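Undergrad: The structure that follows is given in the form of C-alpha cells.
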Amino acid sequence: MKSKDLYNGLDKTKLPRHIAFIMDGNGRWASKRMLPRKAGHKAGVKTMRKVISDCVHMGIEVVSVYAFSTENKFRPKDEVDALMQLIRDNIYDMLKELIAEGVKVTFMGDLSFFAADIRESLDKVLRESSDGKKAVVNIALNYGGRDEILQAVNKCVQDGKTVTSEEFARYLYTADLPDPDLIVRTSGECRLSNFMLYQAAYSEIVVTKTLWPDFDRNELVDVLSEYAKRNRRYGKV
Ligand code: FPP
C-alpha cells in the first residue's frame, strides 16, 4: 500500500519521532485458539514485520521493539528454544527489504547470550544496514532496562566520571537515538516491564487491549491518533 494510504487521516506533523512497542499477548492469543504458545510468537513475528514496515513508511524516524527481555530467557526451555528458532529463521528475512530501502538496524541488549549462528545473522543485519539513513529499527534482544542502567553506571565509575543526564544517556544502548516519544503496549497490561527505564522518563504511553498478533494498521493509526491528542508538558506547565 502506498504511503499516502497509510495515514488514514492522521496529522503527519504530529507523529512521534520514536515509537516503541512492548509486544505483549502472544501466549494468550495462542491459548484462545488452543494452540501452543510458540504459535502465538510465530503470529507475533508476522505482526512485527508489518507494523515496523508501516511505521517506517509513515515516516517515523525510529521504531523500537521489545523482542526478548533478560527475563524471557527464564521461561520454559521449549518456549525459549522456539523464540530462538524464530529469531534464527526471521531476523534477516524480515528486515532485508527495509535494509534495501535504506533502514539502519540496531540491537540493544546483551547479545552474547545468543548462539553463534544467530549472532552471525545479527552481525549481517548490522553490517548491511550500517549506512542506512531512512529510519532506524531498534530491536531489543536479551534486553533489560535495569541491566542497561547498571552497565552504564559501572562504565561511568570505570571512567572516573561524574556525568550530566545527557552524558549518561551516551552510555546507554540508545546513545545515538532520541528517547521514545510514544510507548505502545498491547494486551492491556499497564507496566513497562523493564523496558527503556531511563529513556521512558517523558514518553507518552498508550495501552491497547488488543493481543499483539491481532495488532494491525487500524490499531496503529488509533494509537498514533491518541498520541497526536496528548499535550506533552515535560513536567512544565
Ligand atoms: C510477549 O508475549 C512476547 C514475547 C515475550 C516475545 C515477543 C517476540 C516476538 C514477537 C518474536 C521475536 C522475533 C524476532 C524475529 C525478533 P507473551 O508470551 O508474554 O504473551 P502472554 O502475556 O499472553 O503470555
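The values are calculated or read from the model by the stated rules, or taken from the named source; none is laboratory data. These numbers were taken from a predicted model, which means no experiment stands behind them. As a convention, Cβ positions derive from the backbone with ideal geometry for all residues, glycine included, and neighbour counts pool all protein chains shown. The area values use the complete protein model at the heavy-atom level, side chains included, leaving out ligands, DNA and RNA. Shrake-Rupley method; radii C 1.70, N 1.55, O 1.52, S 1.80 Å.
Undergrad: Taking into account only those residues within region 1-26 that are among the small types (Gly, Ala, Ser) and crowded, with 21+ Cβ neighbours inside 10 Å, which is farthest from the ligand (Cβ to nearest atom)?
TA: That would be 20.
Undergrad: Follow-up question, since we're still on this one. State which residue pairs qualify: first residue touching a residue at least 24 places away in the same chain (Cβ under 8 Å) and inside region 213-235, second residue small (Gly, Ala, Ser) and surrounded by 17 or more Cβ atoms within 10 Å (Cβ to Cβ) in any location, beta carbons under 7 Å apart, and separation of 6 or more residues or different chains.
TA: Close Cβ pairs satisfying both conditions: 213/40; 213/43; 213/44.
Undergrad: For region 192-210, name all the residues that are of a type outside the set (Val, Ile, Thr), open to solvent by 20 Å² or more (accessible area, probe 1.4 Å) and within 16 Å of the ligand (Cβ to nearest atom).
TA: Correct list: 192, 193, 194, 209.
Undergrad: Take the residues of region 72-117 that are of a type in the set (Lys, Arg) and more than 25 Å from residue 170 (Cβ to Cβ): which is most open to solvent (accessible area, probe 1.4 Å)?
TA: Selected residue: 77.
Undergrad: Counting just the residues of region 53-65 that are closer than 14 Å to residue 215 by Cα and more than 8 Å from the ligand (Cβ to nearest atom), which one comes out surrounded by the fewest Cβ atoms within 10 Å (Cβ to Cβ)?
TA: Ranking the candidates gives 54 first.
Undergrad: Sticking with this one: Out of all the residues in region 27-36, which are in contact with a Leu (Cβ under 6 Å, 6 or more places away or on another chain) and either among the basic types (Lys, Arg) or near the ligand (Cβ under 6 Å from one of its atoms) (or both)?
TA: The answer is 28, and nothing else.
Undergrad: If you don't mind, there's one more thing I want to ask. Taking only region 42-52 into account, find how many residues are buried (at least 18 other Cβ atoms within 10 Å of the Cβ) and either under 16 Å from residue 184 (Cα atoms) or not small (Gly, Ala, Ser) (or both).
TA: So the count comes out to 7.
Undergrad: Further question on the same structure: Hey, residue 45 hits all of (1) within 9 Å of the ligand (Cβ to nearest atom); (2) over 14 Å from the mean Cα position of the chain (by Cα) but one; which does it fall short on?
TA: Looking at each condition in turn, residue 45 falls short on (2).
Undergrad: Give the residues of region 145-182 that are under 15 Å from the mean Cα position of the chain (by Cα) and either among the aromatic types (Phe, Trp, Tyr) or surrounded by fewer than 11 Cβ atoms within 10 Å (Cβ to Cβ) (or both), sorted by residue number.
TA: 173, the sole residue that qualifies.
Undergrad: The conditions are (1) away from the ligand (no atom under 12 Å from the Cβ); (2) among the hydrophobic types (A, V, I, L, M, F, W, C); (3) surrounded by fewer than 21 Cβ atoms within 10 Å (Cβ to Cβ), and residue 39 fails exactly one of them. Which is it?
TA: The failed condition is (1).
Undergrad: Would you mind telling me which numbered condition in (1) in contact with a Lys or Arg (Cβ under 7 Å, 6 or more places away or on another chain); (2) closer than 21 Å to residue 25 by Cα residue 171 fails?
TA: Failing condition for residue 171: (2).
Undergrad: For region 88-131, name all the residues that are among the basic types (Lys, Arg) and within 12 Å of the ligand (Cβ to nearest atom).
TA: Once the filter is applied, which keeps residues that are among the basic types (Lys, Arg) and within 12 Å of the ligand (Cβ to nearest atom), region 88-131 yields only 88.
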